[in-house]
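Quick notes on the structure that follows.
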Amino acid sequence: MNNKSKNSEMERAEVSPAHQITMVLLPGMHGSGQVFAPLVREMPDYIRTVALSYPPDLALDYAGYLDIVMAALPDDQPFVLLGESFSGPLALMAAARHPKGLCGVILCATFATWPLSFAPSIARLILALGVFRLKSTRLFLRAVLGRNATGELKRQFSETLTRTKAGVFNARARAVINVDCTAALRDCPVPLLILVSDHDRIVAEPCTDMMQNIRPDAETVHFGTPHLILQYDPVAAVGVICGFVEKVRSNMCHPA
């Protein structure tokens, strides 16, 4: 696996563009595309990955982030959109605009409406108390990543949290409090894959159940990981993602 990872960039250049499909990766609330590195290393050569990062110094709402996402979508080849955590609603919002070439949407440890087990009013109080001023502390990092995060993941998150202003995180959290993408989920025009963390301390189980009730046709796969599925178990995640990509590419992007 290590040799494949080292040579993946060279091998990817040899894959015919006609056989490639792009996967646009939208990050969680941390906003860093670098955190997708473990996943990208395991991707096969026929999947071209584009990992977005959000501005660390601009306090935007979901509408502002949607403009960034839409500008990054490919316009000359089929693609799949993956929204992780905070960006799940963005993937659904983008799909609702019916972009050319979109073949499927992957929702990873994410939500369509308020995801936490306590009321939004409590979240507003926590924000008012300045919770994100603690973002550079070890305790905050441990709460976000869990106990068994790799050194690479800890380093990437620490760098991202340091670089991103507390006001930016506040704005992202307020966006989550106010979001409701249930209609976009219901009307999503392409196949859906839902990746669920069975040990998620951020997205509550009723939120996931609600998504599945709205779209019972969605393929749902459970992982025995914390919230960061793609970082904790990238090999298993890639296996599931590749199976989904193969199906949507053959069924929708290159119909017989």
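Expressed as cubic angstrom per residue, what is the convex hull volume of the alpha carbon set of the chain? Walk me through the numbers on the way to the answer.
On the way: hull volume 31.3 nm³, N = 256.
So the per-residue Cα hull volume is 122 Å³.
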Residue-span extension gain [Ile214 to His199] - 0.36 nm each, minus C-alpha spacing = 3.2 nm
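To the nearest 0.05, what FRET efficiency results for Leu125 and Ala63 with a Förster distance of 35 Å applied to their C-beta separation? It would help to have the intermediate numbers written out before the result.
Values: r = 25 Å, r/R0 = 0.71.
The pair Leu125/Ala63 has a calculated efficiency of 0.90.
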ask   = Just going by the charge dipole of the chain, with Lys and Arg at +1 and Asp and Glu at -1 on Cβ, which of Phe36, Ile126, Ala184 is farthest out on the positive end?
value = Ile126
query = Classify region 152-198: rounded, prolate or oblate, from the alpha-carbon gyration tensor (a ≥ b ≥ c, eigenvalue square roots; a/c under 1.5 rounded; otherwise prolate if a/b is larger than b/c)?
reply = oblate
Chymotrypsin sites (Phe, Trp or Tyr not before Pro) lying in DSSP loop within region 17-121, provided at most 16 other Cβ fall within 10 Å = Tyr46, Phe118
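About the Cα centre, and with charges only on the beta carbon of Lys, Arg (+1) and Asp, Glu (-1), how big is the dipole of region 2-253? Nearest 20 debye, please.
Working: 24 positive and 23 negative charges, 182 e Å.
Approximately 880 debye in magnitude.
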request  = Go through Val245, Met23, Pro89 and say which Cα lies farthest out towards the positive end of the charge dipole of region 2-253; charges sit on Cβ, +1 for Lys and Arg, -1 for Asp and Glu.
outcome  = Pro89
inquiry  = Using the basic label-point model (7 angstrom from Cα toward the beta carbon), what is the Thr150 to Ser250 distance in nanometres?
reply    = 3.0 nm
request  = Indicate the gyration tensor shape class of region 140-227 (rounded, prolate or oblate), computed on the Cα atoms with a ≥ b ≥ c the square roots of the eigenvalues: a/c under 1.5 is rounded; otherwise a/b larger than b/c is prolate and the rest oblate.
outcome  = oblate
inquiry  = I want to verify a result. In a Gaussian network model of the chain, Cα cutoff 10 Å, which of these has the top mean-square fluctuation: Leu81, Leu228, Leu127?
reply    = Leu127
ask   = Can you list residues whose amide H is under 5 Å from Arg215's amide H, if they're 5+ apart or on another chain and H is modeled 1.01 Å from N?
value = none
task = Of the options Cys207, Ala236, Ile194, report the single residue whose Cα projects farthest towards the positive end of the charge dipole of the chain (beta-carbon charges: Lys, Arg +1; Asp, Glu -1).
result = Cys207
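Nearest 5 is fine: what % of DSSP beta bridges in region 2-253 come out antiparallel, could you say?
Values: 1 of 26 bridges.
So the antiparallel bridges amount to about 5 percent of the total.
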query = Picking from Ala112, Ala237, Ala72, which is most flexible by a Gaussian network model of the chain using Cα springs under 10 Å?
reply = Ala72
task = Grab the DSSP H runs of the chain that are 4 residues or longer, score each as -39,500 (n - 2.57), total them, divide by all residues and round the 222 nm result to the nearest 500 deg cm²/dmol.
result = -12500 deg cm²/dmol
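Just so you know, all these numbers are worked out from the coordinates, no wet-lab data involved. Model, not experiment: these values are computed from the prediction. Counting neighbours? That spans all protein chains shown, and the Cβs are built from the backbone with ideal geometry, glycine included.
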